[in-house]
Amino acid sequence: MARAQAQPNIALVKYWGKRDSALNLPASGSLSITLDSLWTRTCVVFDPTLTRDELLLDGAEHPAALARVSGCLDLLRERAGSTVQARVDTHNNFPTGAGLASSASGFAALVLAGSAALGLTLDQRALSVLARRGSGSAARSIFGGFVGMAAGTRADGEDAFATPLLDAAQWPLCVVVAVTSTRAKAVGSGAGMELSRRTSPFHAAWLAGADADLASARHALQHRDFAELAAASEHSCLKMHAVMLASRPALMYWNGATVECVHAIRALRERDGVPVFFTIDAGPQVKAVCLPTAAPRIAAVLGTVPGVEQVLTSALGAGARLLPDAEVD
Ligand code: PMV
């Protein structure tokens, strides 16, 4: 048995599209920040009396997610030479499946707890490769701070893993999340990406621009250039949503409040000079990335946007870690 915690990460340069669906290999690289105050805590127990894996998510059975979880556990069992089934008990302190990257923190915590429970000692690169099999973005939640994810070129995917770029303390940005709906999304990211790959006329242009966006974001990190990071991130985000919108049928993850939050953030920056930019994933929540001194003002403004249900603020945090027993609720 072992317990682990991982935090979600938010991509600033996004990935949307796979080069191999079976191995979950991204078609382009990405760059993300790992959060601090949102978390998944997961306990994995391998129990010889079980006839199949069991999954409890926030205290309830979750048959829809079990196959993906079992798939990840199979990879761990294969490495350990074990056939023992597992009980997985996992908790999120934030809404699941609503565009808040719960699959990223979820699969990162799962592979760390699962590997430790089987007595495997895997390095972070191996954990990143395994987490990627559960969810592409989970590969990045193994690490804290700013994280780069490589698309890789190998057919076996062994070069598609994340690497740490900067620690949270080296550029302590803050993220203010405007939650505009906690309903689970209608189209999951895996199905959405595949639809975009098959039908969006913008998909090829999206992939062609990824390396330039990554280079710009990495340059911004090196120089702690907030304006350059803001420009690269918003451009990547809006291009991804343009790809989604041009898919057939169209993928529209935004609601009215999402758009109002984007306007509010742009006004804060362009009119009032507040150091902030937005990013949005496959869901209606808006993440405002800012310098820490600006966070209270941004949280107050986003809290007044009609349709915003909740505002969460988080610093950047560390990567996935094993928990001593006492730290699990
Ligand atoms: O981790 P996945 O495979 O569910 O995909 C995540 C996709 C986005 O969040 C929209 C972009 C990203 O790079 O995280």
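The values are calculated or read from the model by the stated rules, or taken from the named source; none is laboratory data. These figures come from a predicted structure and were not determined experimentally. Here Cβ is always computed from backbone atoms with ideal geometry, including for glycine, and neighbour counts include all displayed protein chains.
Points to keep in mind about this one:
- Take the conditions (1) within 11 Å of the ligand (Cβ to nearest atom); (2) part of a helix (DSSP H, G or I); (3) crowded, with 24+ Cβ neighbours inside 10 Å; G114 misses just one of them, which is (1).
- In the condition set (1) closer than 26 Å to D325 by Cα; (2) more than 16 Å from the ligand (Cβ to nearest atom), F107 is compliant with all but (2).
- Of all residues in region 246-295, those satisfying the criterion of being hydroxyl-bearing (S, T, Y) and in contact (Cβ under 8 Å) with a residue 60 or more places away in the chain are Y253, T258, T279.
- Condition check for G307: surrounded by 15 or more Cβ atoms within 10 Å (Cβ to Cβ), among the small types (G, A, S) and more than 17 Å from F94 (Cβ to Cβ): yes
- Extreme residue, farthest from N24 (Cα to Cα), among residues of region 38-78 that are surrounded by fewer than 21 Cβ atoms within 10 Å (Cβ to Cβ) and polar (S, T, N, Q): T49
- When we screen S247, S236, S314 for residues that are more than 21 Å from L35 (Cβ to Cβ), within 23 Å of the chain's Cα centre (by Cα) and surrounded by 21 or more Cβ atoms within 10 Å (Cβ to Cβ), the only hit is S247.
- Residue match in region 312-325 (condition: in a helix (DSSP H, G or I) and either among the acidic types (D, E) or under 30 Å from F202 (Cβ atoms) (or both)): yes
- Residue in region 171-193 that is in a helix (DSSP H, G or I) and in contact with a helix residue (DSSP H, G or I) (Cβ under 7 Å, 6 or more places away or on another chain) present: yes
- When region 39-67 is filtered for residues that are within 17 Å of the chain's Cα centre (by Cα) and modelled with pLDDT under 95, only A65 remains.
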